[in-house]
1. Could you compute the FRET efficiency for Ala20 and Glu73, with r as their C-beta to C-beta distance and R0 at 25 Å, rounded to 0.05?
2. Specify which labelled value, from (1) 17.7, 51; (2) 15.4, 45; (3) 14.0, 44, agrees with Rg and Dmax of the Cα atoms in Å derived from the coordinates of the model shown.
3. How much accessible area per residue does the chain have, in Å², with a 1.4 Å probe?
4. For the chain, what does -39500 (n - 2.57) per DSSP helix run (n ≥ 4), summed and divided by total residues, give at 222 nm, in deg cm²/dmol to the nearest 500?
5. GNM on the chain, C-alpha springs below 10 Å: top fluctuator among Glu33, Glu68, Glu16?
6. Starting from the residue with the highest accessible area, list Arg85, Arg53, Arg13 in decreasing order, probe 1.4 Å.
7. So which lysines can Lys58 reach, going by Cα to Cα under 28 Å and dropping same-chain residues fewer than 8 places off?
8. Which whole-Hz couplings ³J(HN,Hα) result when phi for each residue of the range 41-56 is put into the Karplus expression 6.51 cos²θ - 1.76 cosθ + 1.60, θ = phi - 60°, listed in order with x for Gly and Pro?
Amino acid sequence: AVNLSTVDVRIIRIFENNVAQFLQVNNLDGEQELVRVGKIIYNKPVPLASIKRTDLTKWNQYALDLSEFIKVEPGAIYRVTLSFRKK
């Protein structure tokens, strides 16, 4: 990223008992029926400066440790979406 100070992180958990229902209408990267089979468990902005101190005017690589945001449930599928805003 360059000139980006914050990313919006959204994590949806598709419950283990709903994985078959989700896969009936989706591939693993699908977005249909998410409201019926999953739940948003994290939806907040994450300042990139909290991950790594860098010069934001130059290209930087970042990594998110998802264990800070969620507790993994065996058998569930997690859909992680990163986005940003113009401001």
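1. On the way: r = 16 Å, r/R0 = 0.63.
Efficiency computed from Cβ-Cβ geometry: 0.95.
2. Derived directly from the coordinates: (2).
3. Working: 6580 Å² over 87 residues.
With all protein chains present, the chain gives 76 Å² per residue.
4. Numbers: 2 runs with 11 residues, N = 87.
Value at 222 nm, helices only, nearest 500: -2500 deg cm²/dmol.
5. In this elastic network of the chain, the residue with the biggest mean-square fluctuation among Glu33, Glu68, Glu16 is Glu68.
6. Numbers: Arg85 150, Arg53 205, Arg13 45 Å².
The most accessible residue leads, giving Arg53, Arg85, Arg13.
7. Straight-distance partners of Lys58: Lys44, Lys86, Lys87.
8. 3J(HN,Hα) across the range 41-56, in whole Hz: 10, 8, 7, 8, x, 10, x, 5, 5, 6, 8, 7, 7, 8, 7, 5.
The values are calculated or read from the model by the stated rules, or taken from the named source; none is laboratory data. Not measured: the values here are computed from a predicted model. With ideal geometry, Cβ positions are generated from the backbone for all residues, glycine too; neighbour counts draw on all protein chains shown. Remember, those area values only see protein heavy atoms, side chains included, never the ligands or the DNA or RNA. Shrake-Rupley method; radii C 1.70, N 1.55, O 1.52, S 1.80 Å.
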